[in-house]
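Student: Before we start, here is the structure in question, set down as structure tokens.
No lab work stands behind these numbers, since they all come straight from the coordinates. Quantities reported herein were computed from a predicted structural model and do not represent experimental measurements. When we count neighbours, we look across all protein chains shown, and the Cβ atoms used for this are built from the backbone with ideal geometry, even at glycine.
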Amino acid sequence: MGMSWDDVVLIEEGKNSGDPNVVTVNCPDKAGLGCDLLRIVLAFGLYVTRGDFSTDGKWCYVVLWVVARPSSLKVDWESLKERLVACCPSCMPTFYLDHISSCSKSSPLYLLKVFSMDRKGLIHDVTKVLCKLELTIQRLKVMTTPDGKVLDLFFITDDVNILHTKIGQEETCKYLSAELGECCISCEVQLAGPEYEYHQGLSSLPEAIAEKLFNREISAMEVGPLAMSSDKSKVKEASVVIDNLLSPAHSLLQIQCRDQKGLIYDIFRISKDCDIQIAHGRVSSNVNGIRSLDLFVQNQYGKKILNNESQIALCSRLKEEMLHPLRVMITNRGPDTELLVANPVELSGKGRPRVVYDVTSALKSLGICIFSAEIVRHSTLDREWEVYRFLLVENRVFLLTSKQAKEDVVNKVRKTLMGW
């Protein structure tokens, strides 16, 4: 007899204002489930204050203490619950499976066309509406015309199954038109056709720019301005230790590094991509800006990680992406200034949630307009990246001609992405 779907995901509100909500997931296990759950939590703009993960290989039990970030949109907790349930392997009665089947299936791709007058913060305002409606941006193409108008092409997937009907498409456009106000000229949604094939090509980044963007070393410009205190070592160092003595069946992976947005998701994403099975894990609370994780893990064969080369490779990968999970740089594209942001893509093909939202929020706060934007994929020797390219427009308040101004933009964007 299947358990009630109400028991698969439970969300308990904090007793006092500011207390975290407790999210409990109790369901059959599957490979990479922890990563999938944390990706949804990140997509809803939630911060995990602490967490516990446990599985016997067949059944898993996850408890997350979460709070909404101050800059995040209002959280729809019921929608979060539905998304988490849809992510869990089947253990529910047939009537409820029918209810969520549309959420668990692969969503078709839709093309959202927004034609409007240009203004500061336009792309962020559109992105904010898409986040509210739980529409995920897969590709983006923004073009500004000589007469001051903008054509935005958003290739999106529908996480809540509202765009498959004409009514849902019209309601989405009404929502966007209301948010954009008088500057909105037209808005339409349709299933993506040949246009998507045209815009989904691989990156055409110049070789010198790509080499700098994907360099494994962290520059002084990237580290120095972001230090929480005069002790720069807190930023530069990340500790990853593998202990094979404590448990007879598992390797203990002890991780400690500076806290940042998406940290736990990044660690579980790497574990998923490297076929590392997490049998039990504990995420400790933030202490002086430092986060600690203890994970009891096995390799893809259900064994300890004893091979020295495998240990070095895993620790190196974790350190690299804890210190440098997103790449941000400014370069010149002819006479113009281009902002580049890149993040690794999961082996499943999924990109990081809310990158466009965070970047456009940072640019809007600086008063910088976007002339054009696009999202492309770029492949390096060992992984695929999602690359966001923003051609920026100078304004009288914030000139992009000086080196210091460009560094300020990079630092503001990175701090917003990292939640610092």
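Student: Under 8 Å for C-alpha pairs, at least 6 residues apart: give me the relative contact order for the chain, rounded to a whole percent.
Tutor: That works out to 16 percent.
Student: Among ILE242, ILE312, which comes first, second and so on when ranked by fewest other beta-carbon atoms within 10 Å?
Tutor: If I rank by nearby Cβ atoms, fewest first, I get ILE312, ILE242.
Student: Excluding residues fewer than 8 places away in the same chain, name every one of the lysines whose C-alpha is closer than 25 Å to that of LYS304.
Tutor: Counting by Cα, and skipping residues close in sequence, LYS304 has these lysines nearby: LYS30, LYS58, LYS272, LYS319.
Student: Among rounded, prolate and oblate, which fits the chain when a ≥ b ≥ c are the square roots of the eigenvalues of its C-alpha gyration tensor, a/c under 1.5 means rounded, and a/b larger than b/c means prolate?
Tutor: Taking the square roots of the gyration eigenvalues as a ≥ b ≥ c, the chain is oblate.
Student: Return the long-range amide H neighbours of GLU237 (sequence gap of 5 or more, or a different chain), with a cut-off of under 5 Å between placed amide H atoms.
Tutor: Here nothing satisfies the definition.
Student: Still on this model: Could you pull out every residue, at least 5 positions away or on a different chain, whose amide H is within less than 5 Å of the one on ARG139? Hs are placed 1.01 Å off N in the peptide plane, and Pro or chain starts have none.
Tutor: PHE155
Student: Per-residue counts of other Cβ atoms within 10 Å, averaged by peptide: what ranking do you get for 19-31, 121-133, highest first?
Tutor: 121-133, 19-31
Student: Also: Let me know the volume per residue of the alpha-carbon convex hull for the range 107-200, in Å³.
Tutor: Considering the Cα atoms of the range 107-200, their hull volume per residue is 89 Å³.
Student: Counting only helical runs of four or more DSSP H residues, what would the 222 nm mean residue ellipticity of the chain come to if each run contributes -39,500 (n - 2.57) and the total is spread over all its residues?
Tutor: Computed mean residue ellipticity for the chain: -9500 deg cm²/dmol.
Student: Next question, about the same structure. Can you pull the one-decimal nm distance between simple spin-label points at SER90 and ASN161, each 7 Å off the Cα toward Cβ?
Tutor: 1.4 nm
Student: Which value results for Rg/Rh of the range 255-336 when Rg is the Cα radius of gyration and Rh the Kirkwood radius based on the inverse mean 1/r?
Tutor: 1.10
Student: Give, as a single signed number, the net charge of other residues whose beta carbon lies under 14 Å from the beta carbon of VAL67, with Lys and Arg counted +1 and Asp and Glu -1.
Tutor: Result for the local shell: +1.
Student: Moving to a separate point now. Near the amide H of ARG50, under 5 Å away, which other amide H atoms are found, from residues 5 or more places off or on another chain, if H is placed in the peptide plane?
Tutor: Amide H to amide H, under 5 Å and 5 or more residues apart or across chains, ARG50 pairs with TRP65.
Student: In whole Hz, what ³J(HN,Hα) sequence does the range 252-257 give by Karplus (6.51, -1.76, 1.60; θ = phi - 60°), x for Gly and Pro?
Tutor: 8, 9, 9, 10, 9, 6
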